Amino acid sequence: MTLIERACETLTTIRDSSPLVHNMTNVVVANTTANALLALGASPAMVDAPLEAPQLASVAGALVINLGTITPAQAEAMKLACEAAQQADVPWILDPVAVGPLTYRSNLARELLAFKPAVIRGNASEIMALAGLGTGGKGVDSTDSSETALDSAKSLAKETGAAVAVSGPTDYITDGTRTVTVKNGHDMMPAVTGLGCTATALIGAALAATKDPVEAAAFGLLYLGVAGEVAAKGAAGPASLQTDIINQLYHLNTKLIRERGNMGEL
Amino acid sequence: MTLIERACETLTTIRDSSPLVHNMTNVVVANTTANALLALGASPAMVDAPLEAPQLASVAGALVINLGTITPAQAEAMKLACEAAQQADVPWILDPVAVGPLTYRSNLARELLAFKPAVIRGNASEIMALAGLGTGGKGVDSTDSSETALDSAKSLAKETGAAVAVSGPTDYITDGTRTVTVKNGHDMMPAVTGLGCTATALIGAALAATKDPVEAAAFGLLYLGVAGEVAAKGAAGPASLQTDIINQLYHLNTKLIRERGNMGEL
Amino acid sequence: MTLIERACETLTTIRDSSPLVHNMTNVVVANTTANALLALGASPAMVDAPLEAPQLASVAGALVINLGTITPAQAEAMKLACEAAQQADVPWILDPVAVGPLTYRSNLARELLAFKPAVIRGNASEIMALAGLGTGGKGVDSTDSSETALDSAKSLAKETGAAVAVSGPTDYITDGTRTVTVKNGHDMMPAVTGLGCTATALIGAALAATKDPVEAAAFGLLYLGVAGEVAAKGAAGPASLQTDIINQLYHLNTKLIRERGNMGEL
């Protein structure tokens, strides 16, 4: 079965099983993330309290950890939830937003790696910083290209055992040995806040439906890229694009994935 | 005067008096809730700090308590705000999001009942769990039908003195004796995150305009259902539906309510 | 060079330099604020943790402080960030949301003034309350007209050294001596939640691009007003207006500013 066919199969599994995806994410994207997951077919829940996050994480299909607007209370809850996920064999994904220039979250991200994420997804600057090979970007925005970060991604994958995904015009997903590329999307997408966070959440849904972390990461990026391409055709601007990407995730189907999906292996 | 006519009258009161609705809600729906309340004609304010939530609650037209993304600090502030509302005779409404599977918020919800909410609105699984007759749904999503929860709703209403509303394709609103049904809405609405939370907030606005909790709950659900039906006609997907429901709440009028409103009594 | 030409020049500078704008804001507008800043050409980052907010503030182009949904942890972080901004000569702007009726945030706002904001932007009731000459509005909504608040604005500007902007159908921006007016916008805009917060954030972007606080405040309000006018022409309601204002900020250009900009000096 080709990669594209497995991406189709995973979408069907998500739609059929509606996996519970536990999100501990930032306040900027909470609404769009929940709507994107619902549109794809998953059942999102946002739960951040230290006293209940581990309880939900241990029964979820996947756990999404996004450091975007981290607070001390949320950071404490994240550690407990990641530990609970690891103990319950629930796969989890780390989005190291703005790691690099900000010391507190950089240390937190390194600390969370001990709980063995299945996937790490970031932009080039974040992945390079987390791998110890860069100083990070400007705030939440990358100042490096995804190509530049591939070596860092491979190194980080080998160190952590996670599949590492670097988003950009070409997305690279690697476990240190195998590397998959996704070349979907549209150049207006970086003008929408937090689409990287959306990608991370969709990867969470895919992780709940397939046990291969490299493929789950590639499929999540593929779903978003295909939806983004279709949405961008008629978008009057980035806010309309944000809205229509969610509409297109709702309408996404195997026919569209086969027609537009642009995945390969290096 | 018929129920429909009283729903029209309450809408007019909201538009004329623009009641201050104090929301302590979740980060997923904060924006859509505020916009929905503004569109209906109310004056929303989101205030969560322990040192100021009780001050606002005591002068508001109604207080909305939504447990969606509860944190320890917000939980503490909620208790103080509910107590202040009760002392000032400000009606308040509880939305027990995801009560059942999550112990911490289940205990919090039971604790808040001591402050005598005027209305409790949830999905079937949440109401059954809060009544002690179910184990809850999958995360924030119901795994039971609204019909199934009617007995639990009546039992919870009798125990607490609140009007209890169960959302679903048919909404049931009961004080344990009288039961009102609302059959408006559209089947794409569950694909939009947090429309139940929107319903709860609109009920808050209605509570500030009419003192009958059963009717306030029915009218809030009716306003959302009618707006949702009109919006769904042209919606390109769930994100467009989310946007257009707010537009249609802005355009909602007594003519539309009379034409489309589908309320009855059991 | 006229004011309008300087507004054009500042927009071009924002687009060319993409300044990092650090936002400590409320959960209602976090998404729309980030998208509005991206659409204008800035690089927004939302960072609220006490251990990292000062680090980001000290390297940002501008810092935006918005008290909308203040929590104790965020308040502590704001003090540290404002102090860091002041020490690093990073200009910052205060949005005193709902100051007046709420004691806690009123005290916090007064306390933050010690760190010398470059700009304070609020509605009439907020500015009058912060100046000590009013009791504030109804929750987050003004109960006074912007004209009424002009004397308070001048007094507050002289007391604090900040440029003070009062939003309304006519916006007034003053340093106590010079007063600029902006008469753009549309009367559906108050039906969208948090457009005042958007204005404040856009002023932050302008502050990073021009060192004149009165002009930065006027230009931010101008950009929003022009985008709002264009967006309102086709808007099906307030939620569509919210979306299309961001689209129009993305398409905003010097030609539109010259055609529609309505700025003057009193």
Problem set entry | Inter-label distance for C:GLU147 and B:HIS251, nm, one decimal - labels placed 7 Å from Cα along Cα-to-Cβ | 3.4
Exercise. Quick one: Debye curve from the C-alpha atoms of the stretch B:1-92, no solvent, what's log10 I(q)/I(0) at q = 0.12, 0.26 Å⁻¹?
Worked result: -0.39, -1.25
Exercise. How would you rank C:8-15, C:27-34, highest first, on the average number of other Cβ atoms within 10 Å across their residues?
Worked result: C:27-34, C:8-15
Seminar exercise, completed: If labels are modelled 7 Å from Cα along the Cβ direction, B:ARG110 lies from its partners in the other copies at nm distances, smallest first, of 4.4, 4.4
Seminar exercise, completed: Ordered by number, the residues of the stretch C:111-146 with at least 10 Å² less accessible area in the assembly than alone (1.4 Å probe) are C:LYS138, C:GLY139, C:VAL140, C:ASP141
Exercise. When the Debye formula is applied to the Cα atoms of the stretch B:137-266, each taken as the same point scatterer, what base-10 log of I(q)/I(0) results at q = 0.12, 0.14, 0.16, 0.20 Å⁻¹?
Worked result: -0.43, -0.59, -0.78, -1.18
Exercise. Taking the inverse of the average 1/r across all pairs of different Cα atoms in the stretch B:82-162, what Kirkwood radius in Å do you get?
Worked result: 12.5
Exercise. Cα-based Rg of the protein assembly as shown per 2.2 N^0.38 Å, rounded to two decimals?
Worked result: 0.89
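What quantity of accessible surface, computed with a 1.4 Å probe and excluding non-protein components, is buried in total between chains C and B, in Å² to the nearest 100?
On the way: alone 10440 and 10450 Å², together 18690 Å².
Separately minus together, C and B give about 2200 Å² buried.
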Exercise. Debye sum, Cα scatterers, chain C, no solvent: what log₁₀ I/I(0) at q = 0.08, 0.09 1/Å?
Worked result: -0.26, -0.33
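Express as a percent, rounded to the nearest 5, the fraction of DSSP beta bridges in the protein assembly as shown (both residues included) that run antiparallel. Write out the running numbers ahead of the final one.
Working: 33 of 93 bridges.
Restricted to the protein assembly as shown, the bridges split so that about 35 percent are antiparallel.
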Problem set entry | Signed unit charges on C-beta, dipole axis of the stretch A:3-265, positive-most listed residue A:HIS186, A:THR69, A:ALA218 | A:HIS186
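Over 32 Å between Cα atoms: which of B:LYS255/C:LYS255; C:LYS158/C:LYS255; B:LYS183/C:LYS233; A:LYS138/A:LYS183; B:LYS154/B:LYS233; C:LYS79/C:LYS255 fall into that group? The partial results should precede the final answer.
Numbers: B:LYS255/C:LYS255 43 Å; C:LYS158/C:LYS255 35 Å; B:LYS183/C:LYS233 35 Å; A:LYS138/A:LYS183 24 Å; B:LYS154/B:LYS233 34 Å; C:LYS79/C:LYS255 40 Å.
In this structure, B:LYS255/C:LYS255; C:LYS158/C:LYS255; B:LYS183/C:LYS233; B:LYS154/B:LYS233; C:LYS79/C:LYS255 lie more than 32 Å apart at Cα.
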Exercise. So which aspartates and glutamates pass the test for B:LYS116, namely a Cα distance under 12 Å, with those fewer than 8 places away in the same chain ruled out?
Worked result: B:GLU83, B:ASP89, B:GLU159
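How shielded is B:55-61 by partner chains, expressed as the average number of their Cβ atoms within 10 Å of its Cβ atoms?
Details: counts 4, 4, 0, 0, 4, 2, 2.
Per-residue shielding by partner chains comes out at 2.
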Problem set entry | Inter-chain shielding of C:71-80 (mean C-beta neighbours from other protein chains, 10 Å cut-off) | 3
For this session: Report the label-to-label distance for B:THR12 and A:LYS116 in nanometres (one decimal), using points 7 Å from each Cα along the Cα→Cβ vector.
Result: 6.7
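Averaged across B:231-244, how many Cβ atoms of other chains sit within 10 Å of each residue's Cβ atom?
Numbers: counts 3, 0, 0, 1, 1, 8, 12, 10, 18, 9, 5, 5, 11, 4.
Mean inter-chain Cβ contacts per residue within 10 Å come to 6.
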For this session: In nm to one decimal, list the spacings between the A:ARG6 label point and its equivalents in the other copies, with label points set 7 Å along Cα to Cβ, shortest first.
Result: 6.1, 6.1
Seminar exercise, completed: For the axis mapping C onto B, the chain C residue whose beta carbon sits nearest, plus its rounded distance in angstrom, comes out as C:VAL27, 3
Problem set entry | Net charge, C:GLU229 excluded, C-beta distance under 13 Å - Lys, Arg +1, Asp, Glu -1 | 0
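Run through the DSSP bridge list for the stretch B:3-261 and note the antiparallel percent, rounded to the nearest 5. Please report the intermediate quantities before stating the final value.
On the way: 8 of 28 bridges.
Just about 30 percent of them are antiparallel.
Over the stretch C:109-266, with every protein chain in place, what whole percent of the accessible area is carbon and sulfur at 1.4 Å, could you tell me?
On the way: 2630 of 5320 Å².
Result for the stretch C:109-266: 49 percent of the exposed heavy-atom area is carbon or sulfur.
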Problem set entry | Per-residue ³J(HN,Hα) for the stretch A:250-266, Karplus 6.51 cos²θ - 1.76 cosθ + 1.60, θ = phi - 60°, Hz, x for Gly and Pro | 5, 8, 4, 8, 5, 4, 4, 5, 5, 6, 10, x, 10, 10, x, 10, 7
For this session: Return the whole-Å distance between the Cα centroid of the stretch B:45-103 and the Cα centroid of the stretch B:163-203.
Result: 20
Exercise. With labels modelled as points extended 7 Å from the Cα through the Cβ direction, what inter-label distance (nm, one decimal) is found for C:GLU83 paired with C:THR135?
Worked result: 3.6
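The values are calculated or read from the model by the stated rules, or taken from the named source; none is laboratory data. Predicted model only: the values in this text are computed from it and were never measured. Cβ atoms come from the backbone with ideal geometry, glycine included; neighbour counts cover every protein chain shown. Please note that ligands, DNA and RNA were not included when accessible areas were found on the heavy atoms of the full protein model with its side chains. Shrake-Rupley method; radii C 1.70, N 1.55, O 1.52, S 1.80 Å.
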